[in-house]
Amino acid sequence: MNVYDATRMTDLLAGQGYDETAREEDADLVILNTCHIREKAADKIYSELGKLAVLKRARGDEGRDLKIVVAGCVAQAEGGEVLRRQKAVDLVVGPQSYHHLPELLSRVGRGERLSDTEFEVEEKFRELPQPSRARIRARGVSAFVTVQEGCDKFCSFCVVPYTRGAETSRGVEEVLAEARRLVDAGVREIALIGQNVNAYRGEDKGGKVWPLERLFEVLSEVEGLDRLRYMTSHPVDTTQGLIDAHGSLPKLMPFMHLPVQSGSNRVLKAMNRRHKAEDYLDIVRRLRAARPDIALSSDFIVGFPGETDADFEETLALIREVGFASTFSFKYSARPGTPGAEREDQIDDGVMRERLAALQALVESQRQAFNAATVGRTVDVLFEKAGRHNGQIAGKTPYMQAVHVNGPPEMIGRVAPVRIVEAGSNSLAGEIAEGEG
Ligand code: 5AD
Ligand code: SF4
């Protein structure tokens, strides 16, 4: 979501005469787009701001200015505190206010220092201007389209409902228009994104409410669009309709990121997840019935307050039962303002570290087994860019595995069958299957 928001901000500012640069030494304006999900992510901001403050002072000595903006969820959570803690910051702007950026920056240009995080929350999706064809093309063949923002679930460890606000869905026509525009400019893969993407309930012009799978059905008809993906989903919003779409829509890729967080019903309850381990396993069973080759991905938290060794064993048991293609796993991080942070039974960091290592060893062996199982198979690859070595091109399998092959750059943007010959630690090597495609 932050990657997408960063592109939305640069697109917006491109219309104001700004241009992107890869080096902060060249920049007149730096926007730090921040994450508040775990303490570690939030801590990085102040050390980064310290470095930018040094650059700004050096700039001042040359008689040139550097404006520093803090955006994202730390901005939302800390607001004016960021301005007080780091004097070099000019503007603090939360995710719900990016559409005000041009106006806010012109106030900064007049010498104001401000925080725009104490806004009135509008309960509707905020549309931003669309990027030009040239900007879409420069970003490659795979693109994000946001369809939903915010979260009403209030998992007891999570800051998202506070920083990103309530669940809102983007209108059907806006989503479809943006997708068509992207495909028209050369995009071949679209990932629909949202904090709870499968809670999508967008309205069309006639006031009819669409579930996510209806968007996939219509997008499947768009000529030139080869692949559809989505993230991130919640188990309680995983309807049979969405599961069936995996069976009936070939363009909907056989991959689902479905965080479970824990395999212990006691911990899931304390996390306020609103589902049990067996509900998750039942979804997995139905997904595999609809699309036997579907690859599954998940998020896990170890060391939620009160988690016992037995609870943790249940998480490992769930992982063994499912078999994941890829995962993200984290030590629990107590976030201010969330119910979990108030609990007295916080878990010792050493215990968390051990559990995380054990969990990561297990999921890594599953990931490698999943990759090894593709060796010898022929799978479709969407080529996205030049490879690391001369003469190579790189892309992704339907299951999100990175693949490189020897092939001409003209194949970038195309899907072709590839015979996988080797599984490395982070990517697969293959050969374009001759006589096919
Ligand atoms: N501590 C650790 N991990 C967290 N996540 C969210 N909040 C926390 C927290 N307080 C993880 C969850 C979520 C992912 C995006 O980040 O696993 O699915
Ligand atoms: Fe956070 Fe839970 Fe909402 Fe996901 S569903 S964003 S973990 S509160």
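Structure data summary
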| quantity | calculated |
| --- | --- |
| Fraction of antiparallel bridges per DSSP, the chain only, in percent to nearest 5 | 40 percent |
| Lys, Arg +1 and Asp, Glu -1 on Cβ, resulting dipole of segment 391-437 about Cα centre, debye, nearest 20 | 180 debye |
| Global geometry of segment 2-118, whether rounded, prolate or oblate, following the gyration tensor of its Cα atoms and the 1.5 cut on a/c | rounded |
| Mean separation of Cα contacts under 8 Å, 6 or more apart, over the residue count of segment 378-432: relative contact order % | 35 percent |
| Farthest positive-ward along segment 165-305 dipole, Cα basis, beta-carbon charges - from L281, V302, L219 | V302 |
| Contour minus Cα-Cα distance for E203 and L249 (0.36 nm per residue) | 14.4 nm |
| In segment 157-239, the trypsin sites (Lys or Arg not before Pro) that fall in loop regions by DSSP, at most 12 other Cβ within 10 Å | K205, K208 |
| Cα-centre dipole for the chain with unit charges at Cβ (Lys and Arg positive, Asp and Glu negative), debye to 20 | 360 debye |
| The chain - mean residue ellipticity at 222 nm from DSSP helices (-39,500 (n - 2.57) per run, n ≥ 4, rounded to 500) | -11000 deg cm²/dmol |
| Charge dipole (debye, nearest 20) of segment 60-197; +1 at Cβ of Lys and Arg, -1 at Cβ of Asp and Glu | 540 debye |
| Shape category assigned to segment 352-437 from the gyration tensor of Cα positions, a/c cut at 1.5 | prolate |
| Segment 252-328-segment 1-75 distance, computed between alpha-carbon centres (Å) | 36 Å |
| Shape call, segment 195-250: gyration tensor on alpha carbons, a/c limit 1.5 | oblate |
| Excluding exposed DSSP-loop GluC sites (Glu not before Pro) (at most 14 other C-beta within 10 Å), longest clean stretch of the chain | 224-343 |
| For the chain: relative contact order, % (alpha-carbon pairs under 8 angstrom, 6 or more apart) | 10 percent |
| Dipole axis of segment 1-95 (+1 Lys, Arg; -1 Asp, Glu on Cβ), positive-most option in G63, V74, P95 | V74 |
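None of the figures in this text is laboratory data; all of them are computed from the coordinates on show. Keep in mind the model is a prediction, meaning the values are calculated, not measured. Neighbour counts are summed over all protein chains in view; Cβ atoms, including those assigned to glycine, are modelled from backbone coordinates with ideal geometry.
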